Amino acid sequence: MSKIVRTMASLLILFALIYGVYIIMHGHLTPGGGFQGGAVFASGVALLIVAFGSEIVHKSLKEHHLSILESSGALIFIGLAFGGLAIVFFYNFLVGSSIFGHIPPSGPNPGDIWTAGVIPFMNIAVGLKVLAGLSAILLVMALATTLMEVEE
Amino acid sequence: MAVSLSIFIGFLIATAFLIHPFGYPPSEMDDYIIENAQSETGANNAVTSVVFDYRGFDTLGEATILFAAVTGVVMLFRRKKLSRIKP
């Protein structure tokens with residue numbers, strides 16, 4: 001794309017990625033969570049692909065690294081689910097402990113980030129999984145279309 | 001085939017008549033979650049506490065579907081295969 005689009009994209013990509021990570025990290029306090037934040041992050045990757053072209057993005061973002069990231073996110077998620085197996089599958093075993101263990105007062109309150117037990121970790125795991133998966137889909141499809149254009 | 005299909009359709013119709021009317025027994029589940037989500041899971045966002053705690057198993061299925069979709073798309077658009085097509 002033109003120089004204007006590339007300059008604006010390289011400025012706005014910071015805000016898009018930070019907003020995605022913010023939605024993932026604050027999933028237990030504000031609307032959003034792992035899936036939504038991962039989708040926002042992947043839309044930042046889509047902005048990069050549109051502005052700079054998939055070949056240049058592919059130099060620093062390989063799809064096998066993304067698939068490793070996605071599989072590790074899935075493994076962390078299932079591992080956390082098995083962590084509560086002493087009582088029941090998906091038991092929130094960190095509530096009341098020293099890690100993310102604060103319990104907020106009932107009713108509307110601003111809350112603090114150090115709450116909710118395993119839910120922040122699950123948000124991070126699912127967010128990792130979704131951002132890597134959607135970015136891999138976008139990158140692989142964009143690469144395939146550019147290759148087909150070259151060959152024709 | 002026809003017998004099993006007719007049994008299945010008959011079962012669906014019978015269940016459609018046997019199901020309770022919409023909203024008739026007021027559900028206790030939502031009240032329970034609104035009352036107890038903050039004290040049980042510690043999350044201020046009750047939606048996230050449902051998604052990742054009360055119904056975590058559904059989220060596991062959702063993640064599995066996404067994983068299968070990504071695997072299929074990445075396998076479909078492999079680069080080596082595309083560059084080998086060139087006649």
Filter the range A:35-62 down to residues that are closer than 12 Å to A:Leu134 by Cβ and not aliphatic (A, V, I, L, M), then give me how many there are. 7
Of a type in the set (S, T, N, Q), surrounded by 14 or more Cβ atoms within 10 Å (Cβ to Cβ) and in contact with a Gly (Cβ under 7 Å, 6 or more places away or on another chain) - does that describe any residue in the range A:41-49? no
Flagged in the range B:68-83 as out of contact with any Ser or Thr (no Cβ under 9 Å at 6 or more places or on another chain), modelled with pLDDT of 85 or more and not aliphatic (A, V, I, L, M), in numbering order, are B:Gly72
Total residues in the range B:24-72, condition among the basic types (Lys, Arg) and in contact with a helix residue (DSSP H, G or I) (Cβ under 9 Å, 6 or more places away or on another chain): 0
Which of the residues spanning the range A:53-108 are in a helix (DSSP H, G or I), more than 7 Å from chain B (Cβ to nearest Cβ) and closer than 30 Å to A:Ser2 by Cβ? A:Ser54, A:Glu55, A:Ile56, A:Val57, A:His58, A:Lys59, A:Ser60, A:His65, A:Leu66
Inside the range A:112-127, can you point out the residues that are within 12 Å of the chain's Cα centre (by Cα) and under 16 Å from B:Val50 (Cβ atoms)? A:Met122, A:Asn123, A:Val126
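From the list A:Gly27, A:Gly32, exactly one residue is touching a Gly at 6+ places or on another chain (Cβ under 6 Å), surrounded by 15 or more Cβ atoms within 10 Å (Cβ to Cβ) and part of a loop (DSSP other than H, G, I, E, B). Which is it?
After applying the criteria, what remains is A:Gly27.
The values are calculated or read from the model by the stated rules, or taken from the named source; none is laboratory data. None of the values given here were measured: they were computed from a predicted structure. With ideal geometry, Cβ positions are generated from the backbone for all residues, glycine too; neighbour counts draw on all protein chains shown.
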